[in-house]
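Accompanying notes for the structure given below.
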Amino acid sequence: MDELAVIDVAALVREVGNDRATPAALAVADAIDRACRTHGFFLVTGHGVDPTLLADLDAAARRFFAQGEEVKAEIAMPVGRRAWRGWFPEGGELTAGQPDRKEGIYFGRDLDLDDPAVRAGTPLHGPNLRSSAVPELLPAVHRWMAAVEVVGHALVRGMALGLGLAPTWFDDHLTGDPTVLFRVFRYPPGAGDAWGVGEHTDYGLVTVLAHDGTPGLEVQAPDGSWIDVAPVPGAFVVNLGDMLERMTAGAYRSTPHRVRPAVGGRDRLSFPFFFDPAWDAEVRPVPGLGPTTSVAPADRWDGASVHEWSGTYGDYLVAKVARVFPALAAELGP
């Protein structure tokens, strides 16, 4: 129980969009189902994403983070306003009310200003911000997001099969037009009591994480202990979010995790991609599952129940992000 499964998902990637599943895909789905019911975390190989995309993204991100703050502030989050896009400095993001020891950049679907959702002022919708000092960063981000979104569709296909549903169930009900968000984080070297990111869970369906190979991510095991996630070359780390725990009545775990400060004198770069329900989707329980088996709210890191909440995924996400950036939320208002 102290090691995360490493799963080759090539069979699922090949079948994205198909109405039927091969025996090979069903075998992969069974492995994913076991991982979702135990740790809520696993690693995937066979994802088909060109490694040069990550190399290009890493190089551009390092060049951006090496700029002075006045240069990075060109794309600071207040510039992105309601779209919640752009750069924040170290300590500018909170987890459970405590500043994280990281800096980062927020991205999402790159929407034109005349997009209906943007014109309506929908939060978290809008254009991505482009750094004039590092113009290659945004194209590298867009290429990465397009490639990893395919992996997201493959993963929820496997989860649907593992839950005894049609292979396209998630795409038919929740992720035909998913909410996709992307972050680039830099964790500086350090020691002491400050966490790179404190204990938390993710909000949506599935997070697909690439990083530069530097250790630091820790996952809470079912017995409450913490597991170091050992890097596996070429593999992505996958974890489940609150909506999957809600949908599966706790059968699938939205697992707490945290990040230690980088060690060894080198920054740690992390690239989490969030593949989530459609903005307007009402996230309901999966058909055929029993009563809630997840931990009580008092046992969760935030003391909140994902089962008592109701509304659209957009409502849930805005409330959560507003707690991460309270100053920005207060400035923008309702």
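What follows is calculated from the coordinates using simple rules that are stated; it is not laboratory data. Everything numeric in this text was worked out from a predicted model, so none of it was measured. Cβ sites come from the backbone with ideal geometry, for glycine too, and all protein chains shown count toward neighbours.
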Let me have the 222 nm mean residue ellipticity of the chain computed from DSSP H runs of 4+ only, each contributing -39500 (n - 2.57), with the sum over all residues rounded to the nearest 500.
-9000 deg cm²/dmol
Among DSSP bridges having both ends in the chain, what percentage is antiparallel? Round to the nearest 5.
85 percent
The chain - percent relative contact order, Cα under 8 Å, separation 6 or more
20 percent
Report, to two decimal places, the Cα Rg of the chain normalised by 2.2 N^0.38 Å (N = number of residues).
0.94
Among rounded, prolate and oblate, which fits region 89-157 when a ≥ b ≥ c are the square roots of the eigenvalues of its C-alpha gyration tensor, a/c under 1.5 means rounded, and a/b larger than b/c means prolate?
rounded
Report, to the nearest 10°, how far helix 313-324 tilts away from the longest principal axis of the Cα atoms in the chain, using its own Cα long axis and a range of 0 to 90°.
40 degrees
Fully extended contour minus Cα-Cα distance, from residue 142 to residue 315, at 0.36 nm per residue
59.7 nm
The ratio Rg/Rh over the Cα atoms of region 117-160, Rh being the Kirkwood inverse mean 1/r radius, stands at 1.14
For residue 37 and residue 331, compute 0.36 nm times the residue count separating them, minus their Cα-Cα distance, and round to one decimal in nm.
101.8 nm
To the nearest 0.05, the calculated FRET efficiency linking residue 18 and residue 45 through their beta-carbon distance, R0 being 25 Å, is 0.75
